[in-house]
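Here the structure comes first, spelled out in structure tokens, and everything after it is commentary.
The values are calculated or read from the model by the stated rules, or taken from the named source; none is laboratory data. Small disclaimer: the values here were computed from a predicted structure and weren't measured. When we count neighbours, we look across all protein chains shown, and the Cβ atoms used for this are built from the backbone with ideal geometry, even at glycine.
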Amino acid sequence: MVCGVLLALLVAGGSAQLWAQKKDYLSEFEADKIRDAETPSARIKLLVAFAAERLRKFQYELERPSAERRRGETLNGLLNSYTGCLDDAIELVQLGVEKQSDIRKGLEEIQKKAPEFLKYLQGLAENGPEREKYQSNLEDAIEATQDAIKDAEKAAKEYAPPPVRRKQ
């Protein structure tokens, strides 16, 4: 519901500032970077980079020997943040297609990185350590990644090719 309201505000002329400040899984620094990004494509690339960072942190947490009581919370929080970043990147892609913005580079970034993310997540689903602590969020992350891949392919097909200049 909140994402729908934010998307409606963004479509209605809301700024990137409003969009970036409402995401609780982004740090203040990350929200500032998104807000300061000049183009939708740059915002998409940043969100994909933030998603990749969440997976790197997740991998680090899994490999770190720890008897921490809140480890499950940490792992689930990182997976939720990953999913949020990826979902928001796809929302920006869909918005860019609707508005016919130049999102080619951001779209290419999703098409390049999302299959890598999916491979890692599916490996965790098969034989990841401590799966019982994060299984539900892992399934959500896999589903979100699969949806992102499909949506990026669909957007690439719908997206108009760049204009060709003809010599006069």
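Considering every residue within the stretch 72-81, establish whether at least one is aliphatic (A, V, I, L, M), surrounded by fewer than 11 Cβ atoms within 10 Å (Cβ to Cβ) and more than 13 Å from the chain's Cα centre (by Cα). The answer is no; no qualifying residue exists. Scanning the stretch 112-146 for residues that are out of contact with any Ser or Thr (no Cβ under 7 Å at 6 or more places or on another chain) and of a type in the set (A, V, I, L, M, F, W, C) turns up Leu124, Ala125, Leu138, Ile142.
Of all residues in the stretch 125-158, count the ones that are in contact (Cβ under 8 Å) with a residue 40 or more places away in the chain, of a type in the set (D, E, K, R) and under 16 Å from Gln94 (Cβ atoms). Of the residues in the stretch 125-158, 4 are in contact (Cβ under 8 Å) with a residue 40 or more places away in the chain, of a type in the set (D, E, K, R) and under 16 Å from Gln94 (Cβ atoms).
Assess whether Arg54 counts as being assigned to a helix (DSSP H, G or I), under 25 Å from Lys154 (Cα atoms), among the basic types (Lys, Arg) and in contact (Cβ under 8 Å) with a residue 24 or more places away in the chain. Here the answer is no, as Arg54 does not meet what is asked. All conditions in (1) of a type outside the set (Ser, Thr, Tyr); (2) exposed (fewer than 14 other Cβ atoms within 10 Å of the Cβ); (3) modelled with pLDDT of 95 or more hold for Glu53, with the sole exception of (2). For the stretch 67-126, a residue qualifies if it is within 16 Å of Phe50 (Cα to Cα) and among the small types (Gly, Ala, Ser), and the qualifying residues are Gly77, Ser81, Gly84, Ala89, Gly106, Ala114. Number of residues in the stretch 82-136 that are buried (at least 17 other Cβ atoms within 10 Å of the Cβ), of a type in the set (D, E, K, R) and out of contact with any Cys (no Cβ under 9 Å at 6 or more places or on another chain) equals 3.
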